[in-house]
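Peer 1: Structure incoming, see below.
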């Protein structure tokens, strides 16, 4: 196993599988500008690594991602990164969209709002039975452009509406029923089962994975254009930019 570490994101190499780990367990891996920067750098690095076939995205400390860190976004004085967060976060999603590797997510405990968008971006999601995903922006009157972009890329409008217009907490079984998760497993087994799935997928030819993922994107509703797809999601609602402001949603 090869491991590189920054303060906020860990990257572990286990053969052809790279683990990208959000590393703010004391805040349930809530999003900040520095964390988003670290995640972007890590995803770009493993996406460009010819020895990697599959990427696992998970959170340290038994939680996936609880959304924006309201305390950090609301700090006084305001952090310098706040005005740029939306651009950084969109770049994270465009990097995932364009990634030639298979990306598997390990949904432990919760994925809320921005964390839900990250979970929905995964090619395959392994969810804990009692974990939940919540696209809760509707409950705060906020836009959810990254969430809706991924929902409409991968699922029907009916499923997207069910998830985004109710804002419910969806547990592992419900996520599988809706097609949002690949499988639901006992909470203590999420990381182990995610790694087993990643190892199975890593047995495939790396060039074949790249070719098929490129074809899937090009043949889908996005036409393979990440910038245009996420740009339309943001531009579709004049209030969309508000989704990058602090919102009252936590994984409590």
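The values are calculated or read from the model by the stated rules, or taken from the named source; none is laboratory data. If you're wondering where the values come from, they're calculated on a predicted model, not measured in any experiment. Cβ placement follows ideal geometry from the backbone for every residue including glycine, while neighbour counts extend to all protein chains displayed.
Peer 1: Can you list the helices (runs of 4 or more DSSP H) found entirely within segment 116-213 that contain at least 3 residues being modelled with pLDDT of 95 or more and over 16 Å from the mean Cα position of the chain (by Cα)?
Peer 2: 157-164, 172-178, 190-201
Peer 1: Given segment 1-112, what strands (runs of 3 or more DSSP E) lie entirely inside it while holding 2 or more residues that are out of contact with any helix residue (DSSP H, G or I) (no Cβ under 6 Å at 6 or more places or on another chain) and surrounded by fewer than 19 Cβ atoms within 10 Å (Cβ to Cβ)?
Peer 2: Per the criteria, 2-5, 9-14.
Peer 1: Looking at 251, 233, which one is in contact with a strand residue (DSSP E or B) (Cβ under 9 Å, 6 or more places away or on another chain) and at pLDDT below 95?
Peer 2: So the residue among 251, 233 that is in contact with a strand residue (DSSP E or B) (Cβ under 9 Å, 6 or more places away or on another chain) and at pLDDT below 95 is 251.
Peer 1: Name the residue, out of 40, 35, 68, that is more than 20 Å from residue 108 (Cβ to Cβ) and under 14 Å from the mean Cα position of the chain (by Cα).
Peer 2: Within the list 40, 35, 68, the selection yields 40.
Peer 1: Every residue in segment 172-184 that is out of contact with any helix residue (DSSP H, G or I) (no Cβ under 8 Å at 6 or more places or on another chain) and within 17 Å of residue 113 (Cβ to Cβ), please.
Peer 2: Within segment 172-184, just 175 meets the criteria.
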